[in-house]
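Remarks on the structure that follows.
The values are calculated or read from the model by the stated rules, or taken from the named source; none is laboratory data. The structure displayed is predicted, hence computed values, not measured ones. Please note: Cβ atoms are built from the backbone with ideal geometry, for glycine as well, and neighbour counts cover all protein chains shown.
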Ligand SMILES: Cc1cc2nc3c(=O)[nH]c(=O)nc-3n(C[C@H](O)[C@H](O)[C@H](O)COP(=O)(O)OP(=O)(O)OC[C@H]3O[C@@H](n4cnc5c(N)ncnc54)[C@H](O)[C@@H]3O)c2cc1C
């Protein structure tokens, strides 16, 4: 079956404009007759809800936290991209488009990415108007910094709290609509299933997490904004509650799942410290603007460091291997995340890791502190040769830029990163894969949409830093609220959808049966026991590098683990009370299915591209080797009863405005 991606015809730069004029629009009066459910109130969901309500639709929002303000989006530290060219360094819509396609290793849809680059500039204006306190330079203008994979400064930021500030902006816009009665919010409610009526998405079954009650909610369209599924690895930088369930439930009801194996492993995270850890912490990529990454050149020095006999600051400059600067002189420490992560793994696999587990490299700010310190001394007319003064002045600059990140590092690791290099190692961070959507962001279920990290979207095989917030807010503020009218125009005479329909009854009964089975099971192991096991299989066999043998083993092992989970999981308590362990069990059940599809997808894609590195497909220098002839497509999987039976549909990717090249950052 050819996938209909609904990309409008015509030159790329005109497509979005042309498309907007082609879609059906619903008049403001008719919008009052239409209900839309939005599952998720992170940046994508909150911005979409506020805008849909502003346009006149009746919106119901759902999130499992006690407030939209607690969505995982608040964790975003580094910033948000936009092609404003405020720095006058040659940025443009085309350049952002080009960097994103190249960064994604030529595995994303050209028209979507161009649209993203076009609307990126509106996002900043929208957020500034909402009062988001973006960082400003000395003259009061909006400031920018650089992120990996680009050679211009286009990242807008609010210290190390960009996601939180953006979410407060979107949440304020939501609150205005809540006040007007246009948005009804259902916090601490988890979507448990999608309800289809005549094959269209017409509602959801939600569980009130406080009292356990199942509820039926109907609408004319359902928007899934439930975030990414990195927690399939158990350990990740995602919020503990991030999960795949809403996306997986719609997959099981007919929505194709695209590129599940495209995962981003972020190079700058605090290394794993032991078996009892349940969460990993990101040190923002913005730190690579000023931090230099290195390991010792000599294995003897590595040994001495691990034994506590040598400090990193005691290693001479000539005995340090700044391996990113050595291997990629053009981009240096600002190579994209996939490249930086693999390079760290390569050094650690060769035995140069600097912590006890051998899985850590240094991120060092000494050179920046000195450079900034000398500059400040010069500006202030002070003695540039006074080492102590220069250090203090330099530390003040670094503190102003990254203070909260340094503080977070010190609290977790108990080392002062102003005095000694940070230790970092790659960790699971983001999922480029997700629900397949067409150009209008509709899934393969009529009336069911997916936005933000939940869709497979615009990042191809690797997302560039600061582009997730851009995409989530583009989807929420500027794309979905307009494209959804194309579908909803058909529904102005439909009237309210009745939740007593048998389709609702059946969906509710299925959810109830699953939850009852969990609490009746009386097994021997906790939910986390299984989740940890799944995470280990995923990290060892579907992690930073993958091969045929490991992937085949992963498929078998995950299937066996799933069977054991249903036999042996123990969920205390009942279904009719606040029971977080029960909520977790339902989420892990879905991870156990997704994990298998993930491995199947990785096995099928016998090429290396972006975050997906197949050992069988590499250059003699160990760089990723893409196979454009055979794999320039999006893998869209159709559910067929269980993950092993999923059917692959290929959406061919055509590049008209961009020349497909081997990605090089050298
Ligand atoms: C540590 C960290 C730092 C990051 N920094 C940056 C950065 O600097 N720049 C950048 O561009 N990106 C960054 N990212 C990525 C970015 O934060 C995310 O991709 C983005 O915030 C996802 O937004 P979202 O709205 O799609 O989903 P989320 O913010 O994850 O929100 C998901 C929502 O769905 C709800 N939900 C989920 N399942 C259900 C269900 N079944 N029922 C009801 N509700 C449900 C949740 O309650 C929540 O409201 C970072 C990611 C991490 C982990």
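Some notes on this structure:
- The stretch 459-476 - residue that is at pLDDT 95 or above and away from the ligand (no atom under 12 Å from the Cβ) and, of those, farthest from residue 366 (Cα to Cα): 460
- Every residue from the stretch 432-458 that is more than 13 Å from the ligand (Cβ to nearest atom), part of a loop (DSSP other than H, G, I, E, B), in contact with a strand residue (DSSP E or B) (Cβ under 6 Å, 6 or more places away or on another chain) and within 23 Å of residue 170 (Cα to Cα): none
- Of all residues assigned to the stretch 414-429, none qualifies as being within 15 Å of the ligand (Cβ to nearest atom) and either surrounded by fewer than 23 Cβ atoms within 10 Å (Cβ to Cβ) or free of Cβ contacts under 8 Å to residues at least 24 places away in the same chain (or both).
- Against the test of being in contact with a strand residue (DSSP E or B) (Cβ under 6 Å, 6 or more places away or on another chain), touching a residue at least 40 places away in the same chain (Cβ under 8 Å) and either within 14 Å of the ligand (Cβ to nearest atom) or assigned to a loop (DSSP other than H, G, I, E, B) (or both), the options 60, 84 yield a single qualifying residue, 60.
- From the list 559, 584, the lone residue that is within 16 Å of the ligand (Cβ to nearest atom), over 30 Å from residue 347 (Cα atoms) and touching a helix residue (DSSP H, G or I) at 6+ places or on another chain (Cβ under 9 Å) is 584.
- Failed condition for residue 111, given (1) within 21 Å of the chain's Cα centre (by Cα); (2) closer than 29 Å to residue 237 by Cα: (2)
Residue-by-condition table, conditions (1) touching a residue at least 40 places away in the same chain (Cβ under 8 Å); (2) within 16 Å of the ligand (Cβ to nearest atom):
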residue: 250; (1), (2): yes, yes
residue: 256; (1), (2): yes, no
residue: 264; (1), (2): yes, yes
residue: 267; (1), (2): yes, yes
residue: 274; (1), (2): no, no
residue: 288; (1), (2): yes, yes
residue: 302; (1), (2): yes, no
residue: 308; (1), (2): no, no
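- Of the helices (runs of 4 or more DSSP H) that lie entirely inside the stretch 89-200, those containing 3 or more residues that are over 22 Å from residue 465 (Cα atoms) and modelled with pLDDT of 95 or more span 162-180.
- The combined condition, being surrounded by fewer than 24 Cβ atoms within 10 Å (Cβ to Cβ), more than 13 Å from the ligand (Cβ to nearest atom) and in contact (Cβ under 8 Å) with a residue 24 or more places away in the chain, is fulfilled by residue 23.
Yes/no matrix, rows are residues, columns are (1) over 30 Å from residue 657 (Cα atoms); (2) within 10 Å of the ligand (Cβ to nearest atom):
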| residue | (1), (2) |
| --- | --- |
| 30 | yes, no |
| 39 | yes, yes |
| 88 | no, no |
| 92 | no, no |
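- Apart from one condition, residue 550 fits all of (1) modelled with pLDDT of 95 or more; (2) within 25 Å of residue 455 (Cα to Cα); the exception is (2).
- Residue 71 satisfies every condition listed in (1) within 30 Å of residue 654 (Cβ to Cβ); (2) out of contact with any strand residue (DSSP E or B) (no Cβ under 9 Å at 6 or more places or on another chain); (3) within 9 Å of the ligand (Cβ to nearest atom) except (1).
- Looking only at residues in the stretch 196-216 that are surrounded by fewer than 23 Cβ atoms within 10 Å (Cβ to Cβ) and under 15 Å from residue 39 (Cα atoms), the one that is farthest from the ligand (Cβ to nearest atom) is 216.
- Restricting the stretch 388-423 to residues that are out of contact with any strand residue (DSSP E or B) (no Cβ under 7 Å at 6 or more places or on another chain) and part of a loop (DSSP other than H, G, I, E, B) leaves a set whose member that is nearest to residue 317 (Cα to Cα) is 420.
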